[in-house]
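Below: the structure, in structure tokens.
The values are calculated or read from the model by the stated rules, or taken from the named source; none is laboratory data. A quick note: this is a predicted structure, and the numbers were derived from the prediction, not measured. Heads up, the Cβs are rebuilt from the backbone with ideal geometry, glycines too, and the neighbour counts pull from every protein chain shown. Note: areas computed on protein heavy atoms with side chains; ligands, DNA, RNA excluded. Shrake-Rupley method; radii C 1.70, N 1.55, O 1.52, S 1.80 Å.
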Amino acid sequence: MSLTGKAALVTGGSRGIGAAIARRLAAEGADVAITYTSSAARAAEVVDAIKASGARALAISLDSAAPDAGREAVARVVDEFGRLDILVNNAGIFPNGPLEEISVDDIDRTLALHVRAPLLFSQAAAAVLPDGGRIITIGSNLADRTPYPGITLYSASKAAVAGLTRGLARDLAPRRITVNAVQPGNTDTEMNPADSADAAADLPNIPLGRFAHADEIAAAVAYLAGEEAAYVTGTTLTIDGGYNA
Ligand SMILES: NC(=O)c1ccc[n+]([C@@H]2O[C@H](COP(=O)([O-])OP(=O)(O)OC[C@H]3O[C@@H](n4cnc5c(N)ncnc54)[C@H](OP(=O)(O)O)[C@@H]3O)[C@@H](O)[C@H]2O)c1
């Protein structure tokens, strides 16, 4: 139980990778707040499971892309748990399709959620994190390579995650707050089901021959959140079964 006494905020924690991260941080002893937009029942399930394991839990209905979302979420967490030690920026979407179909709204929405939100959530968190706090953002292996067409917007937004991670690491190093990004490859969630036709087409490109389980991404986040990762900052950890190798 490496995170006993800590409090964490995981954006987009009602399903998929975020839900796995929330459960794992709670299993390590942390109190955990999650945000979600539409899946209230799923968020409640995650909260109930965390409470059953003995930790405190909170679900916050909040659009991460809203300009004040970071400040609101951090204030709710501090109000409920009395502190915030770990921020995990996870909420995301997967815009994809032909270049000519990308709209200005698509661009604004994606950049607001994948770039502006992690920056504003981190800014709000930095105001309350103790020395040695943690900020972890979920990027993508598609930040480093773009292996097929139709993902320009998504790849660009996740490349920006790597950039803001490096900048924040510099900004917050004097307080020993570490800032890192985890870059999953194909991970079996509702965003990217392992049993879809797209998945079957991409499987030959994965040296380990399968999609990741969300728990495998959560394990990396738990490592970065823990004391053993105190010297890891400003970097990206790609977990993609060798896809980008
Ligand atoms: N799955 C993959 O293959 C893969 C690979 C690389 C990177 N990633 C990244 O991993 C992260 C999680 O992906 P996932 O596969 O777990 O996706 P998912 O299964 O679609 O779950 C997305 C989560 O984000 C929440 N969310 C979406 N928009 C939000 C918003 N505007 N404000 C607050 N919460 C919001 C959803 O809440 P609701 O339930 O309320 O909708 C849900 O909890 C994303 O950043 C994604 O880009 C995923």
* the chain: antiparallel DSSP beta bridges as a percent of all, rounded to 5 -> 5 percent
* **Only Lys, Arg (+1) and Asp, Glu (-1) charged, at Cβ; the chain dipole about Cα centre in debye** => 720 debye
* Structure fact -> Among E101, E72, E216, the residue with the largest mean-square fluctuation in a Gaussian network model of the chain built from Cα contacts under 10 Å is E101
* Summing -39500 (n - 2.57) over the DSSP H runs of n ≥ 4 in the chain and dividing by its residue number, what mean residue ellipticity at 222 nm do you reach, to the nearest 500 deg cm²/dmol? -> -12000 deg cm²/dmol
* Asked: What residue among L87, L119, L25 shows peak mean-square fluctuation when the chain is described by a Gaussian network model with Cα springs under 10 Å?
  -> L119
* Excluding ligands, DNA and RNA, what is the solvent-accessible area per residue of the stretch 195-245 at a probe of 1.4 Å, expressed in Å²? -> 57 Å²
* Asked: Any number yet on Rg/Rh for the chain, C-alpha, Kirkwood?
  -> 0.95
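So what is the relative contact order for the stretch 88-244, in percent, with contacts set as C-alpha pairs under 8 Å and at least six apart?
Numbers: 246 pairs, mean separation 41.6, N = 157.
Computed over the stretch 88-244, the figure is 27 percent.
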* Note down the relative contact order for the stretch 168-230 as a percent, whole number, built from C-alpha pairs under 8 angstrom at least six residues apart. => 31 percent
* **Angstrom value of the Kirkwood radius, inverse mean 1/r, which spans all Cα pairs in the stretch 174-216** => 12.1 Å
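What is the magnitude of the charge dipole of the stretch 1-74 about its Cα centre, with +1 placed on the Cβ of each Lys and Arg, -1 on the Cβ of each Asp and Glu, and no other charges, expressed in debye to the nearest 20?
200 debye
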* To do: With 10 Å bins from zero, work out the P(r) of the stretch 169-245 over every alpha carbon pair and list the percent per bin.
  => 18, 41, 25, 14, 2
* To do: Mind checking which of L168, V88, V10 is farthest towards the positive end of the chain's charge dipole, using Cβ charges of +1 (Lys, Arg) and -1 (Asp, Glu) about the Cα centre?
  => L168
* Hey, what's the stretch 16-79 come to in accessible area per residue, 1.4 Å probe, Å²? -> 43 Å²
* Structure fact -> Bounding extents of the stretch 32-169 in its principal axis frame from Cα atoms, largest first in Å, are 48, 35, 25
* Asked: Any idea what angle helix 69-81 forms with the longest principal axis of the chain, computed on alpha-carbon atoms, 0 to 90 degrees, nearest 10?
  -> 40 degrees
* **Dipole moment magnitude, nearest 20 debye, the stretch 49-100 about Cα centre, only Lys, Arg, Asp, Glu C-beta charged** => 320 debye
* Measuring from centroid to centroid over Cα atoms, what is the spacing of the stretch 193-225 and the stretch 47-64 in Å? -> 25 Å
* **GNM result for the chain, Cα springs below 10 Å: residue of A27, A124, A41 fluctuating most strongly** => A41
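How much space per residue, in cubic angstrom, does the convex hull of the C-alpha atoms of the stretch 101-245 take up?
Spelled out: Cα convex hull of the stretch 101-245, divided by residues, is 116 Å³.
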* To do: Tally up the carbon and sulfur contribution to the accessible surface of the chain as a whole percent, 1.4 Å probe, everything protein left in place.
  => 52 percent
* To do: Compare the peptides 141-149, 13-21 by average per-residue count of other Cβ atoms within 10 angstrom and give them in order, highest first.
  => 13-21, 141-149
* Please determine, in degrees from 0 to 90 and to the nearest 10, the orientation of helix 152-172 with respect to the longest principal axis defined by the Cα atoms of the chain, where the helix direction is its Cα long axis. => 30 degrees
* Structure fact -> Among the stretch 82-123, those whose backbone N falls under 13 Å of a label point 7 Å along Cα→Cβ from M191 are 89-96, 110-111, 113-115, 118
* Expressed as an acute angle from 0 to 90° and rounded to the nearest 10, what is the orientation of the C-alpha long axis of helix 117-126 relative to the principal long axis of the chain? -> 20 degrees
